[in-house]
Amino acid sequence: MTRQIFHRAIPIASFTCWLLAGAWLAPAVAETADSAAGRAAVAAVEERFANLGDSLQVTVLDTRHDLEQCAQPDAFLRNTAISRSGRLYVGVHCQGEREQTLYLQVQLRVQGSYLVAGRDIAAGTLISADMLEPREGDLTPLLGEAVLHPEDAVGRVARRNLTAGSVLRSRNLETFMLVARGQPVFFDVVGSGFRITGKGEALEAGNPGETIRIRTESRKTLSGVVSNRGTVQVAL
């Protein structure tokens with residue numbers, strides 16, 4: 001059986017009027033990047049994150065048609081948190097007769113260098129410069145996590161095993177402490193004409209020159225300064 005399909009013809013004149021009516025009813029959408037508000041938003045992001053990498057690319061995603069009416073735009077970043085996708089919001093205060101504040105979503109792309117493990121690094125290892133290698137690429141998904149400069153890693157300790165080539169992340173490193181919390185320590189109590197040496201437990205972590213609290217074997221709590229040898233000097 002043959003199935004017949006019927007099409008209703010629309011007169012050209014009527015169709016033209018319909019198109020014109022639709023075009024008249026559709027709101028005009030301005031290109032945000034070409035507006036003064038868009039340019040102000042881009043400039044604010046570029047200034048705030050100028051030192052984030054080797055190069056920045058900022059794209060305004062909003063296409064609000066009222067941005068052209070934003071007079072004397074003043075852009076600001078109230079929250080500088082960037083999502084893993086590189087998106088954030090920029091506030092733009094419009095002055096003049098139509099005073100208002102708009103929030104524009106922008107896309108940030110950052111290209112630059114970061115550090116990776118040059119070899120397998122075991123947990124608890126003190127990081128040295130020869131363990132690190134630089135890499136170039138898209139930093140956007142690594143913002144706030146990747147270690148960008150050797151001085152931010154050298155002298156710290158790996159909190160977990162790191163495989164060769166893996167991105168060095170701040171959360172996987174911890175500050176080296178000569179004395180760790182809970183560690184058995186020796187202490188010296190120095191007074192006028194006497195000196196007492198004893199053994200206790202560190203109640204806080206510390207490096208040479210820092211003051212920490214310890215608990216003696218007799219359960220007394222003392223405060224003292226960590227020495228270069230890891231002992232605690234208590235002055236009375």
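The numbers here are math on the coordinates, done by the rules we state, and not lab data. Every value quoted in this text rests on a predicted model; they were computed, and no experiment measured them. Cβ: placed from backbone, ideal geometry, glycine included. Neighbour counts: every protein chain shown.
Using the Cβ-Cβ distance between GLU136 and ARG229 with R0 set to 45 Å, the FRET efficiency from 1/(1 + (r/R0)^6) comes to roughly 0.55. Between ARG78 and ASP120, full extension at 0.36 nm per residue minus the direct alpha carbon distance yields a gain of 11.1 nm.
Once the Cα-Cα distance is subtracted from the 0.36 nm per residue extended length, the ALA50 to GLU68 segment shows a gain of 3.8 nm. Each label was represented as a point 7 Å from its Cα along the Cα-to-Cβ direction; for SER192 and ASN161 these points are 5.9 nm apart. Peptides 55-62, 79-86 ordered by packing proxy, namely the average of other Cβ atoms within 10 Å per residue, highest first: 55-62, 79-86. If you plug the beta carbon distance of GLU151 and ARG39 into 1/(1 + (r/R0)^6) with R0 = 30 Å, you get a FRET efficiency near 0.25. Projecting label points 7 angstrom from Cα along Cα→Cβ for GLU217 and GLU204 puts them 2.5 nm apart. When segment 48-196 is described by a simple charge dipole with +1 on each Lys and Arg Cβ and -1 on each Asp and Glu Cβ, the residue from GLY118, GLY144, LEU88 located farthest towards its positive end is GLY118.
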